[in-house]
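Quick notes on the structure that follows.
The values are calculated or read from the model by the stated rules, or taken from the named source; none is laboratory data. All values derive from a computational prediction rather than experimental measurement. We place every Cβ from the backbone using ideal geometry, glycine too, and count neighbours over all the protein chains shown.
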Amino acid sequence: MSGVLPPVAPDAVEPLPGPVRRLVKARRSSGSRVTGTVVLLLVAAVTVVPITLLLLNSLNVADPGDPAAYGLDNWRQAFANGAMWESAWNTLRLGVPRVLLGMVIATVISWLIARTDIPGGKVIEVFLWFSFFIPSLSMTLGWILLLDPANGVVNQVIRTVPGLGDITQGPLNIYSYWGIIWTHLTATTVPIMVILLVPAFRRMSRSMEEAAQISGASRLRTLVSITVPMMRPAIIAATLLSFVYSLKTFEIELLLGTPIGLNVYSTQIYNWLQSSPPQFGTATALGSVFIPILIMLAIMQRFAVRSRSYVTVGAHTYNDEPIRLGRIRRWVIAGVLWLYAVITVVLPLGAIVLGSFMRRFGFFQLTNPFTTEHWSALFHDNLFASSVRNTLVIGLIATLVGVLVYFVISFVIVRSELPTRGGVDVMAWLPAAVPGMLLGLGLLWVYLGTPLRTVLYGNLFGLIIALVISHMATGTQQLKAAILQVSPDLDRAARICGATPVRAYTYVLFPLLGPSVAAAGVLTFHSAVSDVSTVVLLSSNDSRPLSILLLEYSTSGVLEQASVLGVLISALTVGVALLSRALGGRRLRASKPGRRIRVTRGTPPSPLPAMKAGASSEDSSLTRTGS
Amino acid sequence: MSGPPTDTVRQKLPQAFQQTYGTKLDYIGTSGKDNAARLQSERQAGIYSQDVFVGGADTMANTYHAQNWIAPLTGVLTPAELETKAWRGGTVPFVDADKSILSISRYVTVPIVVNTDQVDPKEITTWKDLLDPKWKGKIATIDPRSPGGAIYNVGMFQAAPGYGDDFVKRLYKDQSPVLITDSRQGTDDLAKGKYPIALGLGQLDVDTAVDDGLPIQVVMPDLLQTTSGFGFLAVSDKPPHPNAAKLLAQWLACPDGNKAWNDAYGSISTRADVEPPSDLPDWQVPQDGKDYFDANSWEFLTKGVKDATELIKSLIGSN
């Protein structure tokens, strides 16, 4: 463990003679190299191998069924195709503005929810969770129902306003550049960033903000000069992950961009995979273009956060009272936030629920436009019960395994002194660099190429592993940003008091990371139950989850049942999110003041109330996280 | 077996088979492309997971048959099912010379659909009416470069006297049609008035929309084509359950099983003794003596589709 854990209380060690110190250092360094290599190889085995197989196959230019022949034709074809450059440009012109806009909106909302006394902040947070957990396909259908230029509900209401003239289309149009950006902002970009940023803001000590305000800084200056810079790792991680999400989701562009001839990176890959014969090589070549870009971003992220300390949970007393915005101002700001939540969450959600009861989605003009037959048909589908069962098994196990794996990787990256931790960090990003369909194809080849194929292929176990790998970048970055905020001094203090490493982490580190671990678990669960592209080639009749059932409804044109299923999947995920939030919060509040840590090696027993989250600032010498 | 993801097929077909034989049928509903990718990877690893395939023409001819993944059905079907008089037209509807692909459905495809609020259906009597400048930029068509039957229209124009490549250019390039990929969405958009005219829409989507009372109508022009849609049957060359494969293939070719398939799929049987579902419009039933472009002919599937795709890509670019 010498390579994984930092040395405990080095000052307490009696100085050793120089040659002995060099020998100890050399042995420790050798151990670190071995441990580091093992960790690196383990992460590489699950991330690099499938992507390497994809890259190798992108060089295979033989016709299907013929012996393999290697060349650069697929790459030439991809780069010579004007559609590729157009889709790359569309990806950037849609992705960059929405991520920057989303970053500003999400940072402000997260700060307001986590750090101020606005009324109903937690409810707004739950609303934003809900909007993220609704499948993108359903959310897009909801916005189409509202903003379709011909018969969108909102457009029909606007057209009743006198003075607009006799217009039959618009004035709002969801099938447009800004329509796509709007849908992304409300369905993915802002909600995921809020989910990632709120726990980070809550974990932040107010001491530095207080110091700034005592020194005369205004609230705005404190936010800009102290709060946001301290949140830099979390904001960068959230922005990058949001960008990656926006690259991978393609349902929004498929529904809204295709009618106006707007293709992006993911829809172009989809087109090539769906062409006849499927152009796997060309699609992989395009998919591979983003691997170096993402690696570069990962390296830049490491540089951006390594020069400073971002510890916001340290061994100092602080006041965790929320920032007071003022009696009137808090209600005004809350009103604006509530309006935002109603427009971006309640309206489309209402449209989705309404749509699930419509005989034909979006057509109010039918005789008897409403029906419950789609709900009835779903519950009577002979695959529904088994799909729910499979989804629950996949979701729960993938969440438990995923959070554990992501935590270990994040811990190694942030806390260890392993020489390979930088490589581990970059490799953990890799699964995010390729679209899910290609990652699924790479994993299919890995599964079928190993002796464990009967265990991995076509059953739930293989799907769970695939989903844990697919979500690795998000989970790891989320937990990495959280661990960066917690001072190692806290668990080191417990070690000095004689606690075993496990006990120190259980009673000190884990409670402090509770909300972030809960958020990581919720996102992993959401990803596991809603991911379609990664699992579409790996699932079988016996392992079909609800997400594949949703795909089958969507591709066979049964949008109404797809809508019903979308409502059920999001309700399931929000239920788990609320449970997780309650458990994460309880973990923070569950301190038992009289409990003592077990003492080893003759260290005098010492009570640990101060180490537990939830201790009041008056009796604590340690910082408490918000909850 | 693998087959289309159509939910009625996915639910009704296994149920009917189980009711007949008491044997559970594992049905994998997936697109032909996804299934081909899965099969190719499995076979490279020596895994053979599917007994029977039901699917579309392109995947069946250019992937399953081209890679020798399917076996002749003459060794699988019973003499009763190989009886010529049991089938419409007096021949067993094998598609290929090896007799490994059997057409178990055949219907007239949806030609032109118009929004009746914007277009008088009587205005369009031939495909050439679509070349009127007033329709420029207002016709939606399923992208003929994407998989599916939209490319068959191009092949039909190429083969028809008085049409040819020049008509293809004038319709698909000069008229600047809007290329769409989703038939259900295209049908809804047509009904909402986003486009006045749409080509290449799926039969099930149009039928459902018409049943729902939406303001759309199918127009019958001068050229029509027939297809089997997803109604092609084949058996794996290395079925993991050989007896079950035989039983299932025989059932899908016999009157009861064939009727179960066509009722679930909403299509018309190629068997002479299976009546078309009563709720299907008459125009979908191929009429004896009428001349249709046969989109199922082996020559067209293996060569014509490729030629048509090359032509369309040369006109509007690759996707």
Within segment B:77-89, does at least one residue satisfy the condition of being of a type in the set (Gly, Ala, Ser), away from chain A (no Cβ under 14 Å) and assigned to a loop (DSSP other than H, G, I, E, B)?
yes
Among all residue pairs at least 6 apart or on different chains, which show Cβ distances below 6 Å where the first residue, located in segment A:445-473, is within 14 Å of another protein chain (Cβ to nearest Cβ) and the second is among the charged types (D, E, K, R)?
A:Tyr447/A:Arg453
Looking at (1) without any contact (Cβ under 8 Å) to a residue 12 or more places away in the chain; (2) under 16 Å from A:Arg115 (Cα atoms), find the lone condition where A:Gly216 falls short.
(2)
Would you please list the contacts, defined by Cβ atoms under 7 Å and residues six or more apart or on different chains, that run from a residue in segment A:527-549 that is more than 21 Å from A:Gly475 (Cβ to Cβ) to a residue that is of a type in the set (D, E, K, R) and modelled with pLDDT of 85 or more?
A:Asn541/B:Asp26
With respect to A:Tyr245, determine if the residue is away from every other protein chain (no Cβ under 14 Å) and at negative phi.
yes
Filter segment A:78-89 for residues that are crowded, with 16+ Cβ neighbours inside 10 Å, within 14 Å of another protein chain (Cβ to nearest Cβ) and part of a helix (DSSP H, G or I); the one that is nearest to the chain's Cα centre (by Cα) is A:Ser87
Can you pull out the residues in segment A:328-374 that are in a helix (DSSP H, G or I) and within 14 Å of another protein chain (Cβ to nearest Cβ)?
A:Gly355, A:Glu373, A:His374
When every residue in segment B:14-29 that is facing chain A (nearest Cβ under 9 Å) and within 20 Å of A:Ser543 (Cβ to Cβ) is compared, the one surrounded by the fewest Cβ atoms within 10 Å (Cβ to Cβ) is B:Asp26
Quick one: B:Gln11 ticks every box in (1) modelled with pLDDT of 85 or more; (2) at the interface with chain A (Cβ under 7 Å from one of its Cβ atoms); (3) buried (at least 23 other Cβ atoms within 10 Å of the Cβ) bar one, so which box is it?
(3)
Screening A:Ser540, A:Ser516, A:Ser527, A:Ser533 for residues that are small (Gly, Ala, Ser), within 11 Å of chain B (Cβ to nearest Cβ) and within 20 Å of the chain's Cα centre (by Cα) leaves only A:Ser533
Check segment B:129-146 and report whether any residue there is out of contact with any strand residue (DSSP E or B) (no Cβ under 9 Å at 6 or more places or on another chain) and surrounded by 16 or more Cβ atoms within 10 Å (Cβ to Cβ).
no
Residue list for segment B:178-219, filter: under 22 Å from B:Ser278 (Cα atoms) and over 18 Å from the mean Cα position of the chain (by Cα)
B:Ala209, B:Val210, B:Asp211, B:Asp212, B:Gly213, B:Leu214, B:Ile216, B:Gln217, B:Val219
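Considering B:Ala159, B:Ala97, which residue is closer than 30 Å to B:Gln40 by Cβ and touching a residue at least 40 places away in the same chain (Cβ under 8 Å)? Explain how you work it out, then say what you get.
Details: B:Ala159 fails: closer than 30 Å to B:Gln40 by Cβ.
Criteria check complete, one pass: B:Ala97.
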Limited to segment A:375-410, what total is found for residues that are part of a helix (DSSP H, G or I), in contact (Cβ under 8 Å) with a residue 12 or more places away in the chain and within 14 Å of chain B (Cβ to nearest Cβ)?
5
Given the conditions (1) in contact with a Ser or Thr (Cβ under 6 Å, 6 or more places away or on another chain); (2) surrounded by fewer than 17 Cβ atoms within 10 Å (Cβ to Cβ); (3) of a type in the set (S, T, N, Q), every one holds for B:Thr6 apart from (2)
Return a yes/no flag: does segment A:525-532 have any residue that is more than 25 Å from B:Pro5 (Cα to Cα), at pLDDT below 85 and in a loop (DSSP other than H, G, I, E, B).
no
All-but-one check, A:Val434 against (1) buried (at least 23 other Cβ atoms within 10 Å of the Cβ); (2) more than 24 Å from A:Leu240 (Cβ to Cβ); (3) away from chain B (no Cβ under 12 Å), failing number (2)
Condition set crowded, with 24+ Cβ neighbours inside 10 Å and among the small types (Gly, Ala, Ser), scope segment A:557-575, selection nearest to the other protein chains (Cβ to nearest Cβ): answer is A:Ala562
Given the conditions (1) at pLDDT 85 or above; (2) more than 7 Å from chain A (Cβ to nearest Cβ); (3) in contact with a Pro (Cβ under 8 Å, 6 or more places away or on another chain), and given that B:Gly32 satisfies all but one, which numbered condition is not satisfied?
(1)
Are any residues in segment B:249-274 charged (D, E, K, R) and more than 19 Å from the chain's Cα centre (by Cα), and if so, which ones?
B:Asp256, B:Asp273
Scan of segment B:35-59 for residues that are at the interface with chain A (Cβ under 8 Å from one of its Cβ atoms), farther than 21 Å from B:Ala253 by Cα, in a helix (DSSP H, G or I) and not small (Gly, Ala, Ser), ordered by number:
B:Arg38, B:Gln40, B:Glu42, B:Gln44
On the basis of being away from chain A (no Cβ under 14 Å) and either of a type in the set (Val, Ile, Thr) or over 20 Å from B:Gly29 (Cα atoms) (or both), does B:Trp298 make the cut?
yes
Quick one: how many residues across segment B:2-27 are part of a helix (DSSP H, G or I) and under 13 Å from B:Trp261 (Cα atoms)?
11
Filter segment B:267-280 down to the residues that are of a type outside the set (Gly, Ala, Ser), in contact (Cβ under 8 Å) with a residue 60 or more places away in the chain and surrounded by 15 or more Cβ atoms within 10 Å (Cβ to Cβ) and list them by number.
B:Ile268, B:Thr270, B:Arg271, B:Leu280
Residues that are farther than 26 Å from B:Tyr265 by Cβ, buried (at least 17 other Cβ atoms within 10 Å of the Cβ) and either small (Gly, Ala, Ser) or assigned by TED's automatic domain parsing to the domain that holds B:Ser269 (or both), drawn from segment B:284-319
B:Ser318
